[in-house]
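K.L.:
I have a structure here, written as structure tokens, and I will follow up with some questions on it.
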Amino acid sequence: MKRSLLASLLLCAFALLCAPMVRADGETAPSRDPKQPVDEAYTAKIKKYTTQPTFTSPLVEYLPASKSVPTPEAVLGDIAGAPGILPYAEDVYKYMRLLEQASPRVKVFTIGTTEEGREMIAVAVSSEENLKKLDENRASLAKLADPRTIQMNDAEADKLVAQAVPVYYITGTIHSPETGAPTALMELAYRLAVDESPYIREIRDGMVTLITPVVEVDGRDRMVDLYKWHLSHPKEFFPPLIYWGKYVAHDNNRDAMGVTLKLTENVLNTYVGWKAQVLHDLHESVPYLYDNTVGDGPYNAWIDPILADEWQMIGARNVADLTKFGMPGVFTHGDFDTWSPGYLMFIAAMHNGISRLYETFGNGGADTEERTLDPQEYSRTWYRQNPPLPKALWSQRDNNNYEQTGLLTSLHYFNENKQLFLKNFYLKAKRSIEKPQAEGPVAYVLPADEPRSTLQLELLQVMAKQKVEISRSTAAFTVALPVKKEKKADKKATEKKDADKDKKPEPTTKEFPAGSYIIRMDQPYSRIADALLDYQFWSPEDPQKTPYDDTGWTFGELFGVQVTRVTDPKVLNVAMERVSEVKPAGGVKGEGPIFAVNNNAEPALAALRYKLRDASIEAAEEAFESNGTKFHRGTFLVKGVSRGDLDRATAGLGLHGVALAGAPSVKTHAVKAARIAYVHTWLSTQTEGWWRLAFDSIGVPYDYMSTQTLAKIDDLNAKYDVIVFPPVGFSASTTMMINGLPSEWGNPLPWKNTLETPNLVGKNDSTDDMRPGLGWEGVAKLQKFVHNGGLLLTATDTSQFALSIGLGEGVSAARSDKMKIVGAVLGARTVDESSPIAYGYSEKVSVYCDNGPVFSLASLAGARGRRRLGEETHTRPTGRGTADDPDFVVGRPGVEVPEDAKSEIWEAPPVTDEQKRNGFRVIPPANRPRVIFRYADAKELLISGLAEGGGDIAQHPAVVDAPVGKGHVVLFSINPVYRGETRGTYAMVLNAILNFDSLNAGRKDPEK
Ligand SMILES: [Zn+2]
């Protein structure tokens, strides 16, 4: 601290002699304006709270004084980064608005609200002149963002580039336990508004810095509550932040594909609305500053290579600048790969901008603490020549120094090269528009006759949220499809081809009816549409062995709707109109005593059941035809509701009701609006949060309760028909679900509203002590609930839990060491189409899988089902004859070997005669588990992503319905409800719920 303050004073004195302050290398020196007074008291505190002289820089080791503009102290009562101080979002906003009042260089904008109704803001800081002509400037940037508006004219673009002011968008605290950004950004806004040093002035005059200081506002307020609780109970353990936003925690930074959370939508609208060039998201989990945009491969395949170069340029320069300041631990290469486009920053990457992300070092609060690093964190590597210290006292101020120094040097470098970056911004947009002639495809088409029209609509709505232009054909059209090349290894096919050499391959075409949706690729935001709708392949041989996130996400597959990738340029000439709004269009046709709503496995059907609570709805157990229309199994037969009410309900949901002359002559059963208990643990609420979000957005009501609450309900069957226990995630074991967090020692961990924690509960759950789990009493109640006729629905780890507590006799679950299915899209097959769980599904279904578990079935109680390891092999034992001959025994006539009872991998092996001898362990046929869906064969297993060693799960059951007493447990190996992306498999869950008391419909028991 001494050294650098003295050094900067000397530098300033020197600079005065040879003004302007330009260094020999031609760049503006990062030093203060000696004519501008320093806020001495504030500066002294900066020095005091910075724990080592190298943990700061000439850019942030002082604070310029202002007579009219308040410093962050006005709201915080101390300086930014002071120990013990974490402001609520409201206080951060209050300060930003004080700045706005005091300085013409600051403007605050509301950008929307959160799920819990809290405001989100964006703060623009720039010169007074720039802020006055924001709209005019936005119009220039909009032309660069959409080169069609200037006829793709590069010379015209150059004119705009020469005069436009770029927008650099910074977002803070999306991850609530990463607490430092708000104070860093408060002080940054002050510096940008007040500092007269040439270095800062250039940034202010040259560009607009746009700041959202708190992205996860709901989670921020909870985190500040917890920190306050910790301050007033300094000797106690404090509760972990179990809820961040209303629905999800850390995954709020994985929503940039589906755009299901408000925070994603608000930031996306702001980024695109401002025509910003950069989206720079702040995180705190790596010492001391990891600019992870360079990261590691594989890079997302759909980004423009220009962007990859920009990551390198800005990242390398960032490291260089901070290294010159003597700050340790700054690097840009690391283990983060940029494959998945789900991160918030990727909004920029997929909309022709520059995505950036910092990991700085936070203490998860504002305590100053001694921090000890792992060897891999402090080792000196080729990309980290000046690594972090193995052990250091670390403060929130240190973190704020790094965040601000990194940002200021980035802003300055960006401004110095703004014409280059603005031109790149234009070029990336232009190249997006040129996609059809360049790499392709030309368009994606979603047919007008899609049976799952409501899911098609939802997919189009995601596209619309992503600002993708959607068109609709006004006439039928035909496109040529590319001929798939034959694989060389396919010898038979080659031989066959040789045989009919003269035959040319038949040209394949596809016809689409009028009204089909066309997503043209000659538009500025073609990249995001392509990235979401295309297929992904992650090679098992990829040098990157630890994918950072999901490896596959193909939206058409996961939504269960048809999407055709078209490479035929003729599609662009099809008669079409732009669609301004994607709205549901349903309703009732005809007049009659009974209405049929076809079942195509759409979640909207469940919405209809709960909307029309008083109506009588039956499900057809067989398919039928009426007036030429084919109705599938599970079709809703609706009575006892007026035509008008049904018309309104179906119209809003996009469903179609058809009047029938009379009830069809097929077996039916009642579809009831099941009473649902929805259970979460106090271990983690993230993975279940996505299920909650899905239930809420569909309109399926439930009682939300923890395992603790469930355990206290005496007669679960009296209150509920269905208990939904979604995945817990984060390697939660059965033991942890039952025992909870350690409670043999330590203090209670309350999650409830108190004077210190007024925001904690929000619209979620509360408890006096987070530690207890379900407990053994709870286990007993759950078992009783199922035995008495209830339905327990579980997935992945909660399926393992259900099996561990003895529910689901005949099903076993295993993990495979060899298998690596990292968040991938897999093929599945319907095994039992007559089960209500399969209603509306066709034979092939795409599912999301993250390494299983691998289910196997057995017909003996307590037995583990056989597992298939690797690929199938057929060999006979060593002996006489050819491979398919029988062996012999010398000196004995041959005997007939009893036929081996054959069964499929997903089935339980048939009971053998030996097992039937005193066979008290043989599960009676009516009690055996029923496989509804299974994973596809190994060859057809992978649809998108990485599936290494997939043979271990291929053909194994994916969804099983196990009868238990009078009830059922339905077990999922897949996660059917995930990140708003897997909407095609939601109906598996909803079908089970709506048919909870008729799950045995269509069941065919084995004979023995
Ligand atoms: Zn983070």
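K.L.:
At a 1.4 Å probe radius, which order do 351, 233, 787 fall into by accessible area, largest first? Please report the intermediate quantities before stating the final value.
P.N.:
Numbers: 351 5, 233 45, 787 90 Å².
Per-residue accessible area, sorted high to low, gives 787, 233, 351.
K.L.:
Find the relative contact order for region 943-991 and round it to a whole percent, using C-alpha pairs within less than 8 Å whose residues are 6+ positions apart.
P.N.:
Values: 30 pairs, mean separation 10.3, N = 49.
For region 943-991, the relative contact order is 21 percent.
K.L.:
Also, quick follow-up: Using Cα centres only, tell me the gap between region 89-137 and region 361-437 in whole Å.
P.N.:
Cα centres, region 89-137 to region 361-437: 24 Å.
K.L.:
Output the relative contact order of region 287-335, whole-number percent, from Cα pairs under 8 angstrom with separation of 6+ residues.
P.N.:
Values: 47 pairs, mean separation 32.4, N = 49.
Relative contact order here is 66 percent.
K.L.:
Calculate the length of the line joining the C-alpha centroid of region 31-69 to that of region 793-807, in whole Å.
P.N.:
So the two Cα centres are separated by 58 Å.
K.L.:
Would you list, by chain and number, the lysines whose Cα falls below 29 Å from the Cα of residue 752, excluding same-chain residues fewer than 8 positions away?
P.N.:
Once the sequence-local lysines are set aside, what remains near residue 752 is 94, 228, 235, 246, 262, 712, 719, 763, 781.
K.L.:
Work out the FRET efficiency for residue 68 and residue 419 from their Cβ-Cβ distance, taking R0 = 22 Å, and round it to the nearest 0.05.
P.N.:
It comes to 0.05.
K.L.:
Can you spot the lysines whose alpha carbon is less than 24 Å from residue 143's alpha carbon? Ignore those fewer than 8 places along the same chain.
P.N.:
107, 132, 133, 159, 275, 418, 423, 428, 430, 435, 465, 467
K.L.:
Which order do 867, 380 take when ranked by solvent-accessible area (1.4 Å probe, heavy atoms of all protein chains), largest first?
P.N.:
380, 867
K.L.:
Using 7 Å Cα-to-Cβ label points, what is the residue 381/residue 626 separation (nm, one decimal)?
P.N.:
Roughly 6.4 nm, to one decimal.
K.L.:
While we're here: As I understand it, the dipole of the chain uses +1 on the Cβ of Lys and Arg and -1 on the Cβ of Asp and Glu, about the Cα centre. Which of 689, 538, 590 lies farthest toward its positive end?
P.N.:
Highest projection toward the positive end goes to 590.
K.L.:
Something else now. For region 601-722, what is the accessible area per residue in Å², given a 1.4 Å probe and the full set of protein chains? Please list the in-between numbers first.
P.N.:
Numbers: 4710 Å² over 122 residues.
Per-residue accessible area for region 601-722 comes out at 39 Å².
K.L.:
Explain nothing, just compute: Karplus ³J(HN,Hα) = 6.51 cos²θ - 1.76 cosθ + 1.60, θ = phi - 60°, for every residue of region 667-680 in order, whole Hz, x for Gly and Pro.
P.N.:
Each residue of region 667-680 in turn: 5, 9, 9, 6, 9, 9, 6, 4, 8, 10, 9, 10, 10, 10 Hz.
K.L.:
Quote to one decimal, in nm, the extra length available between residue 578 and residue 250 on full extension: 0.36 nm per residue of separation minus the C-alpha distance between them. Could you put the intermediate results ahead of the total?
P.N.:
On the way: separation 328, 0.36 × 328 = 118.08 nm, distance 3.68 nm.
The residue 578-residue 250 span can extend by a further 114.4 nm.
K.L.:
Same structure, new question: Calculate, for residue 777 and residue 510, the FRET efficiency according to 1/(1 + (r/R0)^6) with r their C-beta to C-beta distance and R0 56 Å; round to the nearest 0.05.
P.N.:
0.40
K.L.:
Working with all protein chains in place, sort 855, 537 by solvent-accessible area computed with a 1.4 Å probe, largest first. Show your work: numbers first, answer last.
P.N.:
On the way: 855 0, 537 135 Å².
Most to least solvent-accessible, the answer reads 537, 855.
K.L.:
Roughly how big is the chain's charge dipole about its Cα centre, with Cβ charges of +1 (Lys, Arg) and -1 (Asp, Glu), in debye to the nearest 20? Let's see the in-between values first.
P.N.:
Numbers: 114 positive and 129 negative charges, 151 e Å.
With only Lys, Arg, Asp and Glu charged at Cβ, the dipole is about 720 debye.
K.L.:
Here is a follow-up. Can you classify region 548-615 as rounded, prolate or oblate using the Cα gyration tensor, where a ≥ b ≥ c are the square roots of its eigenvalues, rounded means a/c under 1.5, and otherwise it's prolate if a/b beats b/c and oblate if not? Provide the component values of the computation, followed by the final result.
P.N.:
Working: a/c = 2.85, a/b = 1.51, b/c = 1.88.
Taking the square roots of the gyration eigenvalues as a ≥ b ≥ c, region 548-615 is oblate.
K.L.:
How far, in degrees from 0 to 90, does helix 686-698 lean away from the longest principal axis of the Cα atoms of the chain, to the nearest 10?
P.N.:
Helix 686-698 sits at roughly 70 degrees to that axis.
K.L.:
List the residues whose amide H sits under 5 Å from the amide H of residue 930, counting only those 5 or more places along or on another chain, with H placed 1.01 Å from N in the peptide plane.
P.N.:
961, 962
K.L.:
Rounded, prolate or oblate: pick one for region 566-677, where a ≥ b ≥ c are the square roots of the eigenvalues of its C-alpha gyration tensor, a/c under 1.5 means rounded, and failing that, prolate if a/b is larger than b/c, else oblate.
P.N.:
prolate
K.L.:
How much of the accessible area of the chain, probe 1.4 Å, is carbon plus sulfur, in whole percent? Don't skip to the end; give the middle numbers.
P.N.:
Working: 21160 of 40650 Å².
Answer for the chain is 52 percent, counting heavy atoms of protein chains only.
K.L.:
Probe 1.4 Å, all protein chains in place: accessible area of residue 618 in Å², nearest 10?
P.N.:
Surface accessible to solvent at residue 618 totals approximately 50 Å².
K.L.:
Heads up, I need the accessible area for residue 85: 1.4 angstrom probe, whole protein in place, Å², nearest 10.
P.N.:
Surface accessible to solvent at residue 85 totals approximately 40 Å².
K.L.:
Hey, can you find the accessible area per residue of region 208-316 for me, probe 1.4 Å, expressed in square angstrom?
P.N.:
So region 208-316 comes to 24 Å² accessible per residue, rounded to a whole number.
K.L.:
Gap in Å between the Cα centre of region 559-622 and the Cα centre of region 652-698?
P.N.:
Rounded to whole Å, the Cα centres lie 16 Å apart.
K.L.:
Angle check, please: helix 217-232 long axis (alpha carbons) against the longest principal axis of the chain (alpha carbons), in degrees 0 to 90, nearest 10.
P.N.:
Around 70 degrees separate the two axes.
K.L.:
Moving to a separate point now. State the extension gain, in nm to one decimal, for the chain segment bounded by residue 156 and residue 744, taking 0.36 nm per residue of separation less the distance between their alpha-carbons.
P.N.:
204.5 nm
K.L.:
Quick one: accessible surface of residue 696, probe radius 1.4 Å, all protein chains present, in square angstrom to the nearest 10.
P.N.:
For residue 696, the solvent-accessible surface is approximately 60 Å².
K.L.:
Relative contact order of the chain, please, whole-number percent, based on alpha carbon pairs below 8 angstrom and at least 6 residues apart.
P.N.:
Taking the mean separation of contacting Cα pairs over the length of the chain, I get 10 percent.
K.L.:
Of the trypsin sites (Lys or Arg not before Pro) in region 172-270, which ones lie in a loop per DSSP and count no more than 16 other C-beta atoms within 10 Å?
P.N.:
Those satisfying the criteria are 235.
K.L.:
Still on this structure, I have one more. If the chain between residue 645 and residue 1000 were fully stretched, how many nm would it gain, using 0.36 nm times the residue separation less the Cα-Cα distance?
P.N.:
So the extension gain works out to 124.6 nm.
K.L.:
Now, a different point. Kindly provide the trypsin sites (Lys or Arg not before Pro) of region 513-550 that DSSP labels as loop, not H, G, I, E or B, and whose Cβ sees at most 16 other Cβ atoms within 10 Å. Please list the in-between numbers first.
P.N.:
Details: sites: 520, 527, 545; in loops: 545.
Listed in order of number, the matching sites are 545.
K.L.:
What angle do you read, to the nearest 10 degrees and between 0 and 90, between the alpha-carbon axis of helix 453-465 and the longest principal axis of the chain?
P.N.:
Once rounded, the angle reads 10 degrees.
The values are calculated or read from the model by the stated rules, or taken from the named source; none is laboratory data. Small disclaimer: the values here were computed from a predicted structure and weren't measured. In this analysis, Cβ positions are derived from the backbone assuming ideal geometry, glycine residues included, and neighbour counts consider all displayed protein chains. We work out accessible area using only protein heavy atoms, side chains counted, and drop any ligands, DNA or RNA first. Shrake-Rupley method; radii C 1.70, N 1.55, O 1.52, S 1.80 Å.
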